[in-house]
Amino acid sequence: MTEAVSPARAWLMAARPQTLPAGASPVVVGTGLAVNDAVFAPIPAVFALVGALLLQIGTNFANDYYDAVRGADTDDREGFTRVTAGGIIEPAAVKRAMYATFALAILVGVYLVYLGGLPILVIGLASVVAGITYTGGPLPYGYRGLGDVFVFVFFGLVAVAGTYYVQAVIHVAEPFLMWVPSEALPVQAVVAGLPAAGLSTAILIVNNIRDRETDAKAGKRTLAVLLGYRFSRIEWTAMVGMAYAVPVVFWASGYSPAVLLPLVTAPIAARLGRTVWTRTEGKALNPALERTGQLLFAHSLLFAAGFALPTLL
């Protein structure tokens, strides 16, 4: 029997606030780089942050709803409580909340589309569609081993570069462009997204290692199911390792030594690595999942500070 919870707590559980660093972190990094390049614009940055958080929450609602109706969330699952599968909130209510949240994200995005034009419109709509079809629709790609690609691209590369772009573009072009001016999207804005991409993907990998057995029974073919524990652990190590290599690349290419600040979090990553490489049960991996999210946020804050501080001081 599911323990009774208040409506407010139930919706908080559905929104999964512990995942919000994955939405906020790339915006922080993109903004730090914008400060470094003297293109910081506070209002677009705030809109980008709100939009990213709404997309994260909407995706959480979608996953909660669709995993439940597809039978992927069973009593054997060791993860955090899902409100749809647990009977805490009616499925139809979760589905409505999903659409309402994505609608709010689109509404926030209208201003960003005005600034950034067609490229932001395409990216915004693609993000919404990707959030829904991760576990929903006739061919959910999260059930076909493509979830890692989605997280890497949308919660890393696109989010960081997009955040930078909506701030930089107002300095070089008129509103609602039909193309991307090269001055508004330099190569470093894409490369700076790699650490957030890697650590966001690492969060998903921990989740998929924990759920490998139950996902396999439910027909959810994550990469952990398709390729096994060893591959997933190597993938996790590569994603996290990349997050620490990229700041070194920026420093070596002429940026201030301050960009190396994220390296102070490396011991945390090492401790998490020991858990990921040796454990499979929820008792160990649920805390590791939360700590990987915290690592992502700490790394991103320090990376953004490394970009911004030399300019501000």
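Total residues in the stretch 287-304 satisfying the condition of being touching a residue at least 24 places away in the same chain (Cβ under 8 Å), open to solvent by 30 Å² or more (accessible area, probe 1.4 Å) and not polar (S, T, N, Q): the figure is 5.
Provide a single number: the residues in the stretch 212-235 that are outside any helix (DSSP H, G or I) and either without any contact (Cβ under 8 Å) to a residue 40 or more places away in the chain or open to solvent by less than 10 Å² (accessible area, probe 1.4 Å) (or both). Let's see the steps before the verdict.
First, the residues of the stretch 212-235 that are outside any helix (DSSP H, G or I): 219-222.
With either without any contact (Cβ under 8 Å) to a residue 40 or more places away in the chain or open to solvent by less than 10 Å² (accessible area, probe 1.4 Å) (or both) added as a condition, the list becomes 222.
Qualifying residue count for the region: 1.
Scanning the stretch 242-264 for residues that are touching a residue at least 24 places away in the same chain (Cβ under 8 Å), open to solvent by 10 Å² or more (accessible area, probe 1.4 Å) and not hydrophobic (A, V, I, L, M, F, W, C) gives Y244, Y255, S256. Considering (1) under 30 Å from E213 (Cα atoms); (2) under 18 Å from the mean Cα position of the chain (by Cα), the lone condition that L301 does not fulfil carries the number (1). Candidates F303, F307: the one that is more than 20 Å from L20 (Cα to Cα), at pLDDT 95 or above and not aliphatic (A, V, I, L, M) is F307. Are any of the residues in the stretch 112-130 over 30 Å from M178 (Cα atoms) and either open to solvent by 20 Å² or more (accessible area, probe 1.4 Å) or in a loop (DSSP other than H, G, I, E, B) (or both)? No, the stretch 112-130 contains no residue that is over 30 Å from M178 (Cα atoms) and either open to solvent by 20 Å² or more (accessible area, probe 1.4 Å) or in a loop (DSSP other than H, G, I, E, B) (or both).
Okay, residues lined up against (1) at pLDDT 90 or above; (2) outside any helix (DSSP H, G or I); (3) among the hydrophobic types (A, V, I, L, M, F, W, C):
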| position | (1), (2), (3) |
| --- | --- |
| P138 | no, yes, no |
| V151 | yes, no, yes |
| A159 | yes, no, yes |
| G162 | yes, no, no |
| E174 | no, yes, no |
| Q188 | yes, no, no |
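Of the residues making up the stretch 86-101, those that are open to solvent by 50 Å² or more (accessible area, probe 1.4 Å) and in a loop (DSSP other than H, G, I, E, B) are G87, E90.
The values are calculated or read from the model by the stated rules, or taken from the named source; none is laboratory data. These numbers come from a predicted model, not from an experiment. Backbone-built Cβ (ideal geometry, glycine too); neighbour counts: all protein chains shown. The protein model used for the area step is the full one, side chains on, heavy atoms only, and it has no ligands, DNA or RNA in it. Shrake-Rupley method; radii C 1.70, N 1.55, O 1.52, S 1.80 Å.
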